[in-house]
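The values are calculated or read from the model by the stated rules, or taken from the named source; none is laboratory data. All of these numbers come straight from a predicted model, not from anything done at the bench. Every residue, glycine as well, gets a Cβ built from its backbone with ideal geometry; the counts of neighbours run over all protein chains shown. Accessible surface areas use protein heavy atoms only, side chains included; no ligands, DNA or RNA. Shrake-Rupley method; radii C 1.70, N 1.55, O 1.52, S 1.80 Å.
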Amino acid sequence: MKVGGQFTAASSVGALRVLGTQPEKLAGVEALSDVASTPDGGFTALVTPATPFGSQPIAARVVTERADESGASLRVHGRRGPHVIDVELAISFVEAPEGTVVRWEADVWVRGPAASVGQRVALDVARRAIGDLLVSSAACA
């Protein structure tokens, strides 16, 4: 399924790009814990997005495929028991007088028992979880 969104961050493009190379800065994001860099330049974290189903921590691995002044491409693999979530996330940055306009689009695949959740419910949960996480991450820049 495809989801996307847009928001304006108070930070500059440069400050936002640093988040991809210094994931320890993401430790301030409420939905993230146990953030740790990996040798390949990515990071792992326990992600606990706000969902209508309550607290559902997901062990995630994030790999940056591309990062430059125009944006970034990330690959995310998450697991919670038998449930698997894979995300290909494209983020674009556009400088604006009030900071940076951040646009994002994601392809999301849900596998395992969680895949049986209605597509409309999964779509809304994914859009909100990814959007909230990006906004909170940008606030740490």
Descending Cα extents along the principal axes, the chain, whole Å: 43, 32, 24
Cβ-defined net charge surrounding Ile85, 13 Å radius [Lys, Arg +1; Asp, Glu -1]: +2
Computed for segment 7-141: size of charge dipole around the Cα centre, +1 on C-beta of each Lys and Arg, -1 on C-beta of each Asp and Glu, debye to nearest 20, value 420
The relative contact order of the chain, taking Cα pairs under 8 Å that sit 6 or more residues apart, comes to a percentage of 31
Solvent exposure of the chain as accessible area per residue, Å², 1.4 Å probe: 54
Note, ³J(HN,Hα) from phi for segment 9-24, Karplus 6.51, -1.76, 1.60, rounded to Hz, x at Gly and Pro: 9, 6, 7, 7, 4, x, 5, 5, 5, 4, 4, x, 9, 10, x, 4
Gln22 to Trp109: extension gain in nm, 0.36 nm per residue of separation minus the Cα-Cα distance? 28.6 nm
Please report the carbon-and-sulfur percent of the accessible area for segment 3-141; probe 1.4 Å, protein heavy atoms only, DNA, RNA and ligands left out. 57
Top positive-direction residue, dipole computed over the chain with Cβ charges, set Leu16, Val87, Leu26: Val87
If you take the beta carbon distance between Ser116 and Ala36 as r and set R0 to 30 Å, what does 1/(1 + (r/R0)^6) give as a FRET efficiency, to the nearest 0.05? 0.40
Using DSSP to define loop residues, name the chymotrypsin sites (Phe, Trp or Tyr not before Pro) in segment 1-109 whose beta-carbon has at most 14 other beta-carbon atoms within 10 Å. Phe53
Between Arg61 and Asp124, what length comes free when the chain is fully extended (0.36 nm per residue of separation minus the Cα-Cα distance, one decimal in nm)? 20.5 nm
May I ask you to rank Arg17, Arg111 by accessible area, largest first, using a 1.4 Å probe over the protein chains only? Arg111, Arg17
Förster radius 30 Å - calculated FRET efficiency between Glu95 and Thr44, Cβ distance, rounded to 0.05: 0.45
